[in-house]
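The values are calculated or read from the model by the stated rules, or taken from the named source; none is laboratory data. Just so it is clear, the model here is predicted, and its values are computed rather than measured. Positions of Cβ are generated from backbone atoms using ideal geometry, with glycine treated the same way; all protein chains shown enter the neighbour counts. All accessible areas refer to the heavy atoms of the entire protein, side chains included, with ligands and DNA or RNA removed. Shrake-Rupley method; radii C 1.70, N 1.55, O 1.52, S 1.80 Å.
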Amino acid sequence: MSFFAPPPRIETEVFTRLPDRFRNTRRTAWSDANRAGRPVDSFLEGPSFDRQGRLYVTDIPFGRVFRVSPGGEWEQVAEYDGWPNGLKIHRDGRIFITDYKRGIMLLDPESG
């Protein structure tokens, strides 16, 4: 006996992916703590769009912040010694990052 119809199938496609030029598979302190020491090339989190339609994401194990254009082009905005695991864009354009190692941080998206 079935009470509900199966949900409709929604076809998907990959919009973009982290380009190979940003991948450097290796062990990090983050992968030691979170991936049993297995090498990683990225771990993306914290997606948020700005008012221009650009997507920002954090890369936890390598302390990076990326910006993805509406056309799918990737750009590294910042890299530092931290584990950024989330971000939020304020309406005035400032980017607040939550970082496991450093707490709450502020990023200027123009200067990095």
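Of everything listed in (1) open to solvent by less than 60 Å² (accessible area, probe 1.4 Å); (2) part of a loop (DSSP other than H, G, I, E, B), the single unmet condition for residue 66 is (2). Of all residues in the range 24-50, those that are at positive phi and not in a loop (DSSP other than H, G, I, E, B) total 1. Among all residues of the range 81-104, there is at least one that is more than 22 Å from residue 14 (Cβ to Cβ), more than 15 Å from the chain's Cα centre (by Cα) and not in a loop (DSSP other than H, G, I, E, B).
The condition of being surrounded by fewer than 10 Cβ atoms within 10 Å (Cβ to Cβ) and in contact with a Phe, Trp or Tyr (Cβ under 9 Å, 6 or more places away or on another chain) holds for only one of 21, 51, that being 21.
Only one of the numbered conditions (1) on the phi > 0 side of the Ramachandran plot; (2) under 15 Å from the mean Cα position of the chain (by Cα); (3) modelled with pLDDT of 95 or more is not met by residue 53, and that is (2).
Considering 62, 66, which residue is at pLDDT 95 or above and under 15 Å from residue 29 (Cα atoms)? Give the derivation first.
Details: 66 fails: under 15 Å from residue 29 (Cα atoms).
Among 62, 66, only 62 is at pLDDT 95 or above and under 15 Å from residue 29 (Cα atoms).
Taking the range 74-91 as the search range and keeping residues that are in contact (Cβ under 8 Å) with a residue 40 or more places away in the chain and under 12 Å from residue 60 (Cα atoms), which one is surrounded by the most Cβ atoms within 10 Å (Cβ to Cβ)? For the range 74-91, the residue satisfying everything is 83. Does the range 6-23 contain any residue that is in contact with a strand residue (DSSP E or B) (Cβ under 9 Å, 6 or more places away or on another chain), assigned to a strand (DSSP E or B) and touching a residue at least 24 places away in the same chain (Cβ under 8 Å)? Looking for residues that are in contact with a strand residue (DSSP E or B) (Cβ under 9 Å, 6 or more places away or on another chain), assigned to a strand (DSSP E or B) and touching a residue at least 24 places away in the same chain (Cβ under 8 Å), one finds none in the range 6-23, hence no. Residue 94 falls short on exactly one of the conditions (1) loosely packed, with under 14 Cβ neighbours inside 10 Å; (2) under 18 Å from residue 111 (Cβ atoms); (3) modelled with pLDDT of 95 or more, and that condition is (3).
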